[in-house]
Each structure stands twice: as C-alpha cells, then as structure tokens.
Amino acid sequence: QLQASGGGLVQEGGSLKLACAASGRTFSSLDMGWFRQAQGKERELVAALRWSGGTTTYADAVKGRFTISRNSAKDTAYLQMNSLKPEDTALYYCAATSRVILSSVRVPSSYAYWGQGTQVTVSS
C-alpha cells in the first residue's frame with residue numbers, strides 16, 4: 001500500500017514537499033511516479049523515478065521546479081515542489097510498479113499500486 005501526504009494550501013511562489021510512504025512490501029526496487037489530476041482533466045504524470053539507473057522523467061510544465069526523490073531506507077518517495085503556480089492545483093497521487101518501460105512511464109495504467117491522493121491548492 002502507498003500513503004501520500006504533504007498536500008495543502010499554499011500561495012503562488014511557495015513550496016510543498018509531498019511524501020509517499022510504502023507498506024506491506026519491499027519498496028526500494030519499485031519504479032515510482034507522481035501523477036496529478038485537476039478538476040475536469042485527465043490524470044497526468046508529474047514526475048517518475050525508475051529504480052534501475054535512477055532515471056527521472058518530468059512533465060514539461062514542472063521541469064526545473066519539481067524534484068522527485070526516494071529514501072529506500074524509509075520506504076518513502078518524495079516530490080519537492082517549488083515556485084508553485086495556480087495551475088499546479090490538483091489532487092496528487094503517488095504510484096509504483098515493479099518495472100515500467102521508458103515509453104510507458106507517463107501512462108497511468110502502467111502502474112500497479114496507487115496511493116489515495118493528496119490535495120494541493122495554489123492560490124494567486
């Protein structure tokens with residue numbers, strides 16, 4: 001199971017750090033992703049971190065502002081979000097799977113495990 005936390009209300013230009021804690025299985029060898037879904041829109045990949053090689057993938061809209069990382073000893077993944085914008089407002093989900101091929105890393109159905117979502121609201 002995955003448990004996402006750290007969301008909240010922040011002003012434009014502020015920062016938040018989301019956490020995704022895993023339980024029930026070994027987390028360290030999983031490929032991880034953070035997705036978001038704004039009201040009325042499809043779920044989209046924000047950032048992904050592959051276990052093998054540590055390859056990261058970011059949505060163009062968040063490059064240079066968001067950073068995905070993991071602490072395998074704590075079975076936790078993080079999403080550091082800086083310079084937040086109102087368009088970053090969404091429900092954020094963490095996801096994981098044993099292996100995701102690079103061409104499918106942005107596809108939600110590629111991930112087997114999902115957290116419950118944490119709301120991020122950015123006010124202007």
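Points worth noting:
- Residue pairs meeting the criteria (Cβ under 7 Å; at least 6 apart or on separate chains; first in contact (Cβ under 8 Å) with a residue 12 or more places away in the chain and over 15 Å from PHE66 (Cα atoms), in the stretch 37-52; second assigned to a strand (DSSP E or B) and of a type in the set (A, V, I, L, M)): GLN37/ALA90; GLN37/LEU91; ALA38/ALA90
- Residue check, VAL46 under 10 Å from the mean Cα position of the chain (by Cα) and under 13 Å from ASP88 (Cα atoms): yes
- Scanning the stretch 91-124 for residues that are in contact with a strand residue (DSSP E or B) (Cβ under 9 Å, 6 or more places away or on another chain) and hydroxyl-bearing (Ser, Thr, Tyr) turns up TYR92, TYR93, THR97, SER98, SER110, TYR111, TYR113, THR118, THR121, SER123, SER124.
- Tallying residues that are open to solvent by less than 60 Å² (accessible area, probe 1.4 Å) and in a strand (DSSP E or B) within the stretch 66-82 yields 11.
- Scanning the stretch 43-55 for residues that are modelled with pLDDT of 95 or more and either outside any strand (DSSP E or B) or hydroxyl-bearing (Ser, Thr, Tyr) (or both) turns up just one, ARG43.
- If only residues of the stretch 84-106 that are in a loop (DSSP other than H, G, I, E, B) and open to solvent by 60 Å² or more (accessible area, probe 1.4 Å) are counted, the one that is farthest from ALA21 (Cα to Cα) is LYS85.
- Residue check, GLN1 open to solvent by 60 Å² or more (accessible area, probe 1.4 Å), polar (S, T, N, Q), touching a residue at least 60 places away in the same chain (Cβ under 8 Å) and closer than 22 Å to LEU84 by Cα: no
The values are calculated or read from the model by the stated rules, or taken from the named source; none is laboratory data. Since the model is a prediction, treat every value here as computed from it, not as a measurement. A quick note on method: Cβ atoms are made from the backbone with ideal geometry, for glycine too, and the neighbour counts reach across all protein chains shown. Please note that ligands, DNA and RNA were not included when accessible areas were found on the heavy atoms of the full protein model with its side chains. Shrake-Rupley method; radii C 1.70, N 1.55, O 1.52, S 1.80 Å.
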